[in-house]
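Reading through the structure tokens given below for one structure.
The values are calculated or read from the model by the stated rules, or taken from the named source; none is laboratory data. Since the structure is predicted, the reported quantities are computational estimates derived from the model, not experimental observations. For neighbour counting, all protein chains shown are included, and Cβ atoms are generated from backbone atoms with ideal geometry for every residue, glycine included.
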Amino acid sequence: MGRVLVTGASGFIGRGVLAHLAKQGFEVFATRKNDPDNGDRDVRWIKADLHDQGQLAVLMGDVKPTHLLHLAWYVEHKKFWESEANIAWMNTSLSLLQHFHRNGGKRAVMTGTCAEYNWRYGYCSERVTPLRPKSLYSATKDALRRVSEVYSASHDIHFAWLRPFYFYGPFESPGRFVPSTIASLLKGTCARVDHGQKRLDFLYIKDAASAIASVLANDVTGPVNVGSGVPVTLRDFSDIIAGKIGRRDLLSVENRPLKNQESSMLVADVSILADTVKWSPTYNMDSGLDETIAWWTGQLGI
């Protein structure tokens with residue numbers, strides 16, 4: 001298949017993608033800022049600070065990847081929306097793409113966000129739904145996509161842009177909706193859900209990793225939504241979690257008004273993922289949540 005360089009490979013999304021890429025026949029190289037553990041025979045880990053232009057040039061010159069999967073970004077829970085680190089990552093990502101081209105790279109996949117869309121529309125299609133990035137995070141992602149698409153088109157790079165929706169599973173940031181709900185219920189404390197009627201698109205992280213690897217191996221170009229395509233209310237989703245843990249008595253669900261005229265639904269049109277990439281999920285909500293709850297139970301020592 002070729003030689004792929006994966007950035008952000010030790011993160012929530014990235015860690016699950018590596019095994020899929022190796023199974024597809026890629027020679028897999030992965031970066032991390034800290035000293036890597038090279039115990040995995042299917043992945044060659046490389047220590048690199050991607051913001052350092054010197055290290056970036058050496059990295060690309062040494063690896064000379066045919067494929068690039070760029071997942072790295074600043075994603076500290078709640079702080080990432082308006083952090084100036086977004087600007088740094090936008091600039092670094094453009095440099096990464098340039099070095100990729102200079103060393104013969106041909107297939108690049110980068111990661112955007114569903115927050116690029118105008119959320120008032122609810123049902124988000126890559127082909128139809130208007131964009132309206134409202135945070136520094138989503139604006140820099142959108143700007144990166146626009147420049148990268150033009151650059152790639154003029155430099156013979158097959159470029160695709162991932163738009164993830166709501167992934168959940170092991171290693172997710174503890175403060176986010178799914179792990180915080182699970183942790184509260186496992187600890188025997190109240191789990192509050194403020195917008196019970198809001199419908200979101202949840203996808204188990206192992207399916208998300210499989211989908212992303214499939215996009216990279218495909219020749220699809222342009223934006224690609226990565227989600228389940230199935231909306232579920234936060235009330236129903238949290239009720240399923242509470243039922244599995246056996247603590248529905250600790251679940252407190254309210255229907256507070258949404259802010260900024262947001263839609264009560266945010267769901268992905270996954271027709272490109274299904275019809276062009278030919279990908280479909282392996283997990284359903286029950287099996288995904290069973291594994292997630294079991295993992296957090298172990299993490300919390302309960």
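In the range 141-159, which residues are touching a Leu at 6+ places or on another chain (Cβ under 9 Å), crowded, with 19+ Cβ neighbours inside 10 Å and not in a loop (DSSP other than H, G, I, E, B)? Residues satisfying the conditions are Asp142, Leu144, Ser148, Ser152, Phe159. Across the range 259-302, the qualifying residues are those that are of a type in the set (Gly, Ala, Ser) and not in a loop (DSSP other than H, G, I, E, B), and the one among them that is farthest from Ser125 (Cα to Cα) is Gly298.
Over 22 Å from the mean Cα position of the chain (by Cα) and of a type in the set (D, E, K, R): which single residue out of Arg15, Arg41 fits that description? So that I can check it myself, show each step before the final result.
On the way: Arg15 fails: over 22 Å from the mean Cα position of the chain (by Cα).
Of the residues listed, the single one that is over 22 Å from the mean Cα position of the chain (by Cα) and of a type in the set (D, E, K, R) is Arg41.
Could you list, in sequence order, the residues of the range 52-91 that are within 26 Å of Val215 (Cα to Cα), in contact (Cβ under 8 Å) with a residue 24 or more places away in the chain and among the hydroxyl-bearing types (Ser, Thr, Tyr)? Hit for the range 52-91 is Thr66, nothing else.
I'd like the full set of residues that are hydrophobic (A, V, I, L, M, F, W, C) and farther than 19 Å from Arg127 by Cβ, limited to the range 151-171.
Residues satisfying the conditions are Ile157, Phe167, Phe171.
Per the conditions (1) over 22 Å from Ser173 (Cα atoms); (2) of a type outside the set (Val, Ile, Thr); (3) in the same structural domain as Tyr123 (by TED's automatic domain parsing), the sole criterion not satisfied by Ala209 is (1).
Among the conditions (1) at positive phi; (2) in the same structural domain as Asp249 (by TED's automatic domain parsing), Asp156 misses just one, which is (2).
Screening the range 37-140 for strands (runs of 3 or more DSSP E) wholly inside it with 3 or more residues that are farther than 24 Å from Val224 by Cα returns the ranges 43-47.
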